[in-house]
Amino acid sequence: MSKIWFWLICLSICILIYLNPEIILPSMLEASENTLKLSISLCAIYSVWLGILQVMEDSGINKSLSKVLSPVTRKIFGKLDPVTNELICMNISCNILGMGGAATPLGMKAMGRLDDGSGKANRPMIMLIIFASTSMQILPTTVLGLRITAGSNYASNIILPTIISAVLTTLVGIFLALFIEGIKKRKKNK
């Protein structure tokens with residue numbers, strides 16, 4: 001089956017190039033140029049926010065943020081060791097600031113520390129997945145940067161809808177996880 005797809009794609013490319021290369025080749029070059037521009041813009045956006053994240057770490061703001069968010073994380077994730085709690089708090093704060101790319105490595109480290117070796121996702125792991133997936137954002141910096149780069153006149157119009165949808169999806173995700181956990185406990189007790 002894969003050989004058929006390979007030959008169909010090759011045949012399509014040959015037909016497109018030989019039928020009208022004056023249209024195809026400039027379009028391909030323009031698409032490549034746009035892709036490169038977008039990649040450079042994203043690198044610039046991430047460089048700024050990763051720099052801010054490093055300043056937060058060097059100045060100790062991340063430890064302060066971890067202390068502030070500890071009561072919330074303790075309620076949601078349960079009792080955590082200080083390093084895991086700090087990683088989760090930094091992951092959440094990066095997501096709040098719209099730095100999903102910076103939040104991912106922190107979330108992966110936290111997920112590794114939450115793993116109990118059972119081969120199954122435990123409650124703290126599930127909650128971290130919910131927070132990472134719903135990406136609770138107050139300031140969607142990456143999307144704002146992309147909209148500004150694309151020339152949007154009203155790039156910031158997405159802030160309120162982003163906040164509303166992030167809060168709702170996070171709350172629904174937490175509710176569903178706790179609901180399913182309750183169902184599983186009831187089945188176990190029977």
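Taken together, the values in this text are just the output of simple stated rules run on the coordinates, not laboratory data. Everything numeric here is computed off the predicted structure, so don't read it as measured data. So basically every Cβ, Gly included, is an ideal-geometry build from the backbone, and we count neighbours across all protein chains shown.
Structure values in brief
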read-out: Restricting the stretch 1-34 to residues that are of a type in the set (S, T, N, Q) and over 30 Å from Ala150 (Cα atoms), the residue that is surrounded by the most Cβ atoms within 10 Å (Cβ to Cβ); value: Ser12
read-out: Residue in the stretch 30-45 that is in a helix (DSSP H, G or I), over 16 Å from Thr142 (Cβ atoms) and among the small types (Gly, Ala, Ser) present; value: yes
read-out: Residues within the stretch 166-177 that are without any contact (Cβ under 8 Å) to a residue 60 or more places away in the chain and surrounded by 14 or more Cβ atoms within 10 Å (Cβ to Cβ), tallied; value: 6
read-out: Tally of residues being free of Cβ contacts under 8 Å to residues at least 24 places away in the same chain, out of contact with any Leu (no Cβ under 9 Å at 6 or more places or on another chain) and part of a helix (DSSP H, G or I) across the stretch 72-90; value: 3
read-out: Scan of the stretch 138-155 for residues that are in a loop (DSSP other than H, G, I, E, B) and under 18 Å from Ala166 (Cα atoms), ordered by number; value: Ile138, Leu139, Pro140
read-out: Residue list for the stretch 35-53, filter: closer than 24 Å to Pro82 by Cα and loosely packed, with under 12 Cβ neighbours inside 10 Å; value: Gly51
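Listed here are the residues, each with its yes/no results for (1) surrounded by fewer than 19 Cβ atoms within 10 Å (Cβ to Cβ); (2) charged (D, E, K, R); (3) assigned to a loop (DSSP other than H, G, I, E, B).
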{"residue": "Lys109", "(1), (2), (3)": "yes, yes, no"}
{"residue": "Arg113", "(1), (2), (3)": "yes, yes, no"}
{"residue": "Ala121", "(1), (2), (3)": "yes, no, yes"}
{"residue": "Pro124", "(1), (2), (3)": "no, no, no"}
